[in-house]
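Student: Below is one structure. I have some questions about it.
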Amino acid sequence: MNIIMKKLLAIFALLISAVALGVPSHSFATTTTTSNSITAGGLMSHPGSLTTTVDQTMTAVTVNYHFVGTPDQSTIKVYSWLGRILPSSSWLDRSNLLITIPQSSSPVTKDFSVTYDFNALGLISGDQYAFYLATGKTDSDFLITPQMTFTVGGTGGGSYTFVANGQSPGSTTGMYDERFTITPTVPLTQPTTVKILTEMTGGSNPHTRNIPNIAVSGSNPVSVTMDDLAPGTYQAHLFDAHSVQLMLIPFTITAGAGQGPYTFTATGQFAGQAPGTFQEGFTVKPTTSLAQAVTLTLKTFMNGAATTLVSTDTFPIGPGIAAVSPSTNDLGPGDYTAVIYEGGTSVGSADFKITSSVPGIVQVISHVNVPSTTATISGTLAATGADIPNAHLVVKFGEDLSHLTISPKVAFSGTIPHTGVAFTVASDPFDPAVSNLYYYQFDETTTGTTLGQGSFYINTPADQVGGAINPGAQPGTPTNQPPACVAGPFTDDTTNDKLCSTGATVKDLVKTAGTWTWKCTSSVIAYTPASCTASVTAAAAKPSDDKNPDNFLKNPLSSSLNSFPKIIAAIVNNIVLPIMIPFIALMLIYSGFLFVIARKKGSTDGYAVAKKTLMYTMIGAALVLGAFVVSNALQGTLNDLLAPTTTTQ
């Protein structure tokens, strides 16, 4: 009976190969096939895995095989078969013994290969060929690998990685979706299509499914989902546009794999990407170990008169993952409910509230030590309200605060509690040839908050928590020094910008008779405000006589035009004369032109018009000249009258 079954299987394999040899193939340059279990032909009793990679050049195809398995019942002989598909089907060679794998009781690993040289084998350019592995060299032997094809001289694209990414609950109860990713391993020369066919190899209800016309181009990965598969073992076949199989991978659908239950907790809001918006963070923890990686969906609903879906996102979780920390998209203030789903099944929910403000952060910088060329800064962080999850504190360095471009470092990453947490961060070495003075700034990226700033000198033994020391001893001008009071004396008209050191701000100013008190504060929260007190005297009275310039109405035109004669003279000299002198010259030319025309025509009327034009032009010139003389004479006379009298003794 066993001999009969083997003969039947051999005949069936021969029929498969004969049909396959008649299938046209799309040419390809490199194809990778991975089979995780050997179940064909004479290897059915030898569990193992076989990986095949195929590399094609313009003159040859090289096939590399990698076998891992336990041939525990008999020795395995592996032959290569080569046949032509188009333009006609025929076997070319089935006698090439590639490797003999001896019987073994323990796993063995074997690497072997075969090269099909186009010239040596007489292969014809443009024809399509197929190759296999088999357990012998006759029709009664068994195929080990499915059909793989190549075209002599072919340059098209057909090299892919084909991966099953894991299951998630399907839309039908008890069914599951499997996701696949197809990625060209070399850029395709032109867009093409592939298809996936899945067939169940086990289970009580075998069936096949397919996804046709999957568009691929360039080197871009493509993800597709095979919907509603029953639990069981499967094989997924990847075919090219001509129905030639490129790859084969196994996968398993497991009932209930990946399904929680989960604990799902809202951990607090933080600043969103858009101004005035916020995001809510969550923690998702499986309560039992997950059997398989799954993709969960986080949906956020705004509660009100009607429940509205406002945010949808997905995130992976799988075996060995203790917890994940997803978050919503940007949200405005309001009451919300977040729900996580496996497929279409809800596996957790949490209510939360977005308020109009995000918790603040208080940073205290306690030490800035730079004994050599490396700075070490330490201090504490504390949330002003609720704990801030997913915080990320980065410190940037630079030669000034506007160019913080030197090796940013992560100072803290995690939850900032309201009770406080310590941090310490060290810089990369600074170059003393560039500068001795450097600056730093802390930014918390989750809330978008800029925290402490400061400066320091390298190669300085003393702690520089208060800023760069001995600013006159080394190059550079440090900024952000601790706030300081400016010493008096002050008068009661002193402005606030005169009360504190540069960069400090006046707060809590109280003015009483003879004494002022105030505080000088800094934007650097590590600096303690300075308390100031000063005596204040009354400001000296200003002169009130009519010679006091402060009592004059300010002239919007010019401070020199402080009298009516000066204004008249300025108008005549700067407006009338520059315009009228050229105009008078033009009118003189014009009147002369009228005289010439009148003489040529012998017209008495023309002479009369020319005389009047000349007369009026001269009158106008006299008026302009008179205005100039009168305005300047008037200005000189008034200046003499208003000039102070000098008495000589």
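Student: Mind checking which residues of segment 89-132 are of a type in the set (Gly, Ala, Ser) and either loosely packed, with under 13 Cβ neighbours inside 10 Å or touching a residue at least 40 places away in the same chain (Cβ under 8 Å) (or both)?
Tutor: Listed by number, the residues that qualify are SER89, SER90, SER95, SER105, SER106, SER113, ALA120, GLY122, SER125, GLY126, ALA130.
Student: Still on this model: Only one of PHE67, PHE150 is assigned to a strand (DSSP E or B), at pLDDT 80 or above and of a type outside the set (A, V, I, L, M); which? Break it down into steps so the answer makes sense when it comes.
Tutor: Numbers: PHE150 fails: at pLDDT 80 or above.
That would be PHE67, the only listed residue that is assigned to a strand (DSSP E or B), at pLDDT 80 or above and of a type outside the set (A, V, I, L, M).
Student: Could you run through segment 406-438 and say how many residues are closer than 23 Å to ASN459 by Cβ and touching a residue at least 40 places away in the same chain (Cβ under 8 Å)? Please lay out each step first, then the result.
Tutor: To start, the set of residues in segment 406-438 that are closer than 23 Å to ASN459 by Cβ comprises 406-409, 411, 424-438.
With touching a residue at least 40 places away in the same chain (Cβ under 8 Å) added as a condition, the list becomes 424-432, 435-438.
The qualifying residues number 13.
Student: Here's something else I'd like to know. Quick one: what pairs do we get from segment 566-578, first residue at pLDDT 75 or above, second not in a helix (DSSP H, G or I) and not charged (D, E, K, R), C-beta under 9 Å, 6+ apart or different chains?
Tutor: ILE567/ASN555; ILE567/LEU557; ILE567/LEU561; ALA570/LEU557; ALA570/SER558; ALA570/SER560; ALA570/LEU561
Student: Out of curiosity, is PHE264 under 30 Å from ASP330 (Cα atoms), buried (at least 16 other Cβ atoms within 10 Å of the Cβ) and at pLDDT below 80?
Tutor: no
Student: Tell me whether segment 313-334 contains one or more residues that are loosely packed, with under 15 Cβ neighbours inside 10 Å, in contact (Cβ under 8 Å) with a residue 24 or more places away in the chain and under 30 Å from VAL465 (Cα atoms).
Tutor: no
Student: Could you give me the residue pairs with C-beta distances under 6 Å whose first residue belongs to segment 484-495 and is touching a residue at least 24 places away in the same chain (Cβ under 8 Å), whose second residue is aliphatic (A, V, I, L, M) and part of a strand (DSSP E or B) wherever it lies, and which are 6+ apart or on separate chains?
Tutor: If the second residue must be aliphatic (A, V, I, L, M) and part of a strand (DSSP E or B), the pairs left are ALA484/ALA530; CYS485/ALA530; GLY488/ALA534; PHE490/ALA534; PHE490/VAL536; ASP492/VAL536.
Student: Looking at segment 211-225, can you tell me whether even one residue there is assigned to a strand (DSSP E or B) and modelled with pLDDT under 85?
Tutor: There is no residue in segment 211-225 that is assigned to a strand (DSSP E or B) and modelled with pLDDT under 85.
Student: Right, another one. So how many residues does segment 526-546 have that are open to solvent by 100 Å² or more (accessible area, probe 1.4 Å), under 60 Å from the mean Cα position of the chain (by Cα) and either at pLDDT below 85 or small (Gly, Ala, Ser) (or both)?
Tutor: So the count comes out to 1.
Student: Of the conditions (1) of a type outside the set (A, V, I, L, M); (2) over 43 Å from the mean Cα position of the chain (by Cα); (3) surrounded by 14 or more Cβ atoms within 10 Å (Cβ to Cβ); (4) at pLDDT below 75, THR30 satisfies every one except a single condition; which number is it?
Tutor: (2)
Student: Consider ILE340 carefully, then state whether it is touching a residue at least 24 places away in the same chain (Cβ under 8 Å) and outside any strand (DSSP E or B).
Tutor: No.
Student: Scan segment 196-206 and tell me whether some residue there is at pLDDT 85 or above and under 36 Å from the mean Cα position of the chain (by Cα).
Tutor: Yes, because at least one residue in segment 196-206 is at pLDDT 85 or above and under 36 Å from the mean Cα position of the chain (by Cα).
Student: Then there's this: Under 6 Å between Cβ atoms, at least 6 apart or on separate chains: pull out the pairs that start in segment 68-80 with a residue that is buried (at least 20 other Cβ atoms within 10 Å of the Cβ) and end on any residue that is of a type in the set (Ser, Thr, Tyr) and part of a loop (DSSP other than H, G, I, E, B).
Tutor: Sorted first by the residue in segment 68-80, then by its partner, the pairs are PRO71/SER104.
Student: Sticking with this one: Which of (1) crowded, with 17+ Cβ neighbours inside 10 Å; (2) modelled with pLDDT of 85 or more is the odd one out, the single condition ALA271 does not satisfy?
Tutor: Looking at each condition in turn, ALA271 falls short on (2).
The values are calculated or read from the model by the stated rules, or taken from the named source; none is laboratory data. Quick caveat, the model's predicted, so the values are computed rather than measured. Every residue, glycine as well, gets a Cβ built from its backbone with ideal geometry; the counts of neighbours run over all protein chains shown. Side chains are part of the model used for accessible areas, which takes the heavy atoms of the whole protein and leaves out ligands, DNA and RNA. Shrake-Rupley method; radii C 1.70, N 1.55, O 1.52, S 1.80 Å.
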